[in-house]
1. Within region 210-230, can one find any residue that is modelled with pLDDT of 90 or more, under 30 Å from Asn65 (Cα atoms), surrounded by 10 or more Cβ atoms within 10 Å (Cβ to Cβ) and of a type in the set (Val, Ile, Thr)?
2. Go through region 90-122 and give me each residue that's outside any helix (DSSP H, G or I) and at pLDDT below 95.
3. May I ask you to say which residue of Lys13, Lys48 is modelled with pLDDT of 75 or more, assigned to a helix (DSSP H, G or I) and not small (Gly, Ala, Ser)?
4. Looking at region 64-89, which of the residues that are among the aromatic types (Phe, Trp, Tyr), touching a residue at least 12 places away in the same chain (Cβ under 8 Å) and part of a strand (DSSP E or B) is surrounded by the fewest Cβ atoms within 10 Å (Cβ to Cβ)?
5. Would you point out the residue of region 159-181, among those that are farther than 14 Å from Ser231 by Cα and touching a strand residue (DSSP E or B) at 6+ places or on another chain (Cβ under 6 Å), that is modelled with the lowest pLDDT?
6. If you take the residues of region 90-108 that are surrounded by 19 or more Cβ atoms within 10 Å (Cβ to Cβ) and among the β-branched types (Val, Ile, Thr), which of them is nearest to Ala168 (Cα to Cα)?
7. Under the condition of being farther than 27 Å from Ser156 by Cβ and either touching a Pro at 6+ places or on another chain (Cβ under 8 Å) or modelled with pLDDT of 75 or more (or both), which residue from region 16-32 is surrounded by the most Cβ atoms within 10 Å (Cβ to Cβ)?
8. Tell me which residues, restricted to region 186-199, are at pLDDT below 95 and either over 18 Å from the mean Cα position of the chain (by Cα) or of a type in the set (Lys, Arg) (or both).
Amino acid sequence: MTENNLDWQKTTKRFVAFFDIMGFKDMVQRSTHQEILGKLESLKELLKFLENVTPENNKELKKLNTEKYQTRSVTFSDSIIFFSKSDKLEDLQKITADSYALLNKALTRNIAIKGAIAYGDITVDFDNFLFFGQSIIDAYLLHEEIMFYGVVLDCSYEAKLKTMTTTAGFPDSVIANYRLPLKNGKATHKIIKPYKEAQRQQWIEALEQMFYSVAGRPRIYIDNTVEFLKSLDYQLPKKAAIEKPSD
């Protein structure tokens, strides 16, 4: 067994996150070769980091009890796919954290990206570059439906999450319920959201920069994403008023 496969089972229940870089053709036409190369290299560096990061060198992952190679990734042209090692809580948390990190990196580099996470039986063979399973199709089809830049969670992910007791407040702290715009109407889904209000503002500012470099359909995606971000409430719950005892 090569280092690529490590001790991964070839076929097992696992999580998959499917991402597409949107408007790649337009980006090539509107940007210099070096600008695009720099953006893609920054994403590739992030993918390598996410595969190799360990609890020993990342305090946040230490809280989640994840390990090196808990997730792996592959790229096909303008598509990026994450796979988890298995279907434990640590796998769900790590692939969610990876998806969050990728979305954050992409938006802050003005790269439009959208994706979906699903769960089920999946075959992963890095030696032979063989990857298949219904869940990959589910993630792909769901990501195709959404009309915003972000990450949506498939019903299979939601069902698996309900069976788990999460730790360190994750992934709950980065998940919001939202009536999401789809190609044909709207539907309530769980969506990955910015962890802090300051980061939400960074995402909005990045999207506003993208707005003036595109026209037509991409602006619908940007409008929908900004509307979602502005709908989020980061206010702390108000403390109940202390009533004075009556005389």
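The values are calculated or read from the model by the stated rules, or taken from the named source; none is laboratory data. Just so you know, these numbers come straight off a predicted model, no measurement behind them. When we count neighbours, we look across all protein chains shown, and the Cβ atoms used for this are built from the backbone with ideal geometry, even at glycine.
1. Taking every residue of region 210-230 in turn, none turns out to be modelled with pLDDT of 90 or more, under 30 Å from Asn65 (Cα atoms), surrounded by 10 or more Cβ atoms within 10 Å (Cβ to Cβ) and of a type in the set (Val, Ile, Thr).
2. Arg109, Asn110, Ile111, Ala112, Ile113
3. That would be Lys48, the only listed residue that is modelled with pLDDT of 75 or more, assigned to a helix (DSSP H, G or I) and not small (Gly, Ala, Ser).
4. Per the criteria, the residue is Phe83.
5. Per the criteria, the residue is Val174.
6. Within region 90-108, the match that is nearest to Ala168 (Cα to Cα) is Thr96.
7. Looking at residues that are farther than 27 Å from Ser156 by Cβ and either touching a Pro at 6+ places or on another chain (Cβ under 8 Å) or modelled with pLDDT of 75 or more (or both), I get Gly23.
8. Lys196, Ala198
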